[in-house]
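Working notes, structure below.
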Amino acid sequence: MEKFAAVLSLVGSLAMVPAAAAGAPGPASFDGSCSLTGVLRFEPGLGAAMATTTAIARASGECSGVLTKSNGETVTLNDESATYRGRASGEQSCAAGTTRGVSRLRIAGQTVRFTLSETRVGVLAVIRLRDATGATTTGLAAVAPSEESINQAMACSSTAGLTRVPVTISTTS
């Protein structure tokens, strides 16, 4: 009888392990595409010479795809409102730059966190995002079409440098 009770206890303990693991929170992830617009700030401002600079992005827009919530539930989204925040540092000038940092996408009540690397030439940047699950997303950031290139050129040659520019960001995972 004692052996039966011990086996029953062991089986009961093992049955509870998957339930506990399934309920454990994990990182949220997103597989899809986003179209965002916002502002990119540079601290200090970009100039003609390469210098260590921090880029800070704030953008909002819409995303479509599959969101995996932190509880493991998946939801299909279509043109869902989203906000994006990113911060990266590296050697940059008005002509080019390479940065590394972190970013996050807030969508449908979830926050998806990324490590970020960016390579920029002129007004275009290729962004690579990696979430906590290891999934990658590629994006293209560009100066918004509404921005006059003469304004950028004047800012780049000023003492303060180019400190902010409107951007469009498109991502696909």
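So the values come out like this:
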| read-out | value |
| --- | --- |
| Options Ser70, Ser89: the member that is over 16 Å from Leu162 (Cα atoms) and out of contact with any helix residue (DSSP H, G or I) (no Cβ under 9 Å at 6 or more places or on another chain) | Ser70 |
| Within region 118-130, tally of residues that are among the basic types (Lys, Arg) and either outside any strand (DSSP E or B) or under 16 Å from Leu36 (Cα atoms) (or both) | 1 |
| Condition met for Ser93 (open to solvent by 50 Å² or more (accessible area, probe 1.4 Å) and farther than 20 Å from Ala132 by Cβ) | no |
| Positions within region 62-87 being small (Gly, Ala, Ser) and either open to solvent by less than 40 Å² (accessible area, probe 1.4 Å) or more than 19 Å from the chain's Cα centre (by Cα) (or both), in sequence order | Ser64, Gly65, Gly72, Ala82, Gly86 |
| Region 109-131, subset open to solvent by less than 80 Å² (accessible area, probe 1.4 Å) and touching a residue at least 60 places away in the same chain (Cβ under 8 Å), residue nearest to Thr52 (Cα to Cα) | Glu118 |
| Residues of region 26-56 classified as under 27 Å from Ser70 (Cα atoms) and open to solvent by less than 30 Å² (accessible area, probe 1.4 Å), total | 8 |
| Region 146-173, residues that are open to solvent by 60 Å² or more (accessible area, probe 1.4 Å) and assigned to a strand (DSSP E or B) | Thr163, Arg164, Ser170, Thr172 |
| Hey, Ala59 at negative phi, touching a Leu at 6+ places or on another chain (Cβ under 9 Å), surrounded by 15 or more Cβ atoms within 10 Å (Cβ to Cβ) and free of Cβ contacts under 8 Å to residues at least 40 places away in the same chain or not | no |
| Set Thr76, Thr115, Thr133: member being within 30 Å of Pro25 (Cα to Cα) and assigned to a loop (DSSP other than H, G, I, E, B) | Thr133 |
| Residues within region 148-168 that are over 30 Å from Phe30 (Cα atoms) and either in contact with a strand residue (DSSP E or B) (Cβ under 7 Å, 6 or more places away or on another chain) or of a type outside the set (A, V, I, L, M, F, W, C) (or both), tallied | 13 |
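The values are calculated or read from the model by the stated rules, or taken from the named source; none is laboratory data. Since we're looking at a predicted model, the values are computed, not measured. Every residue, glycine among them, receives a Cβ derived from its backbone with ideal geometry; neighbour counts consider all protein chains shown. In case anyone asks, the SASA skips ligands and DNA or RNA and just uses the protein heavy atoms, side chains included. Shrake-Rupley method; radii C 1.70, N 1.55, O 1.52, S 1.80 Å.
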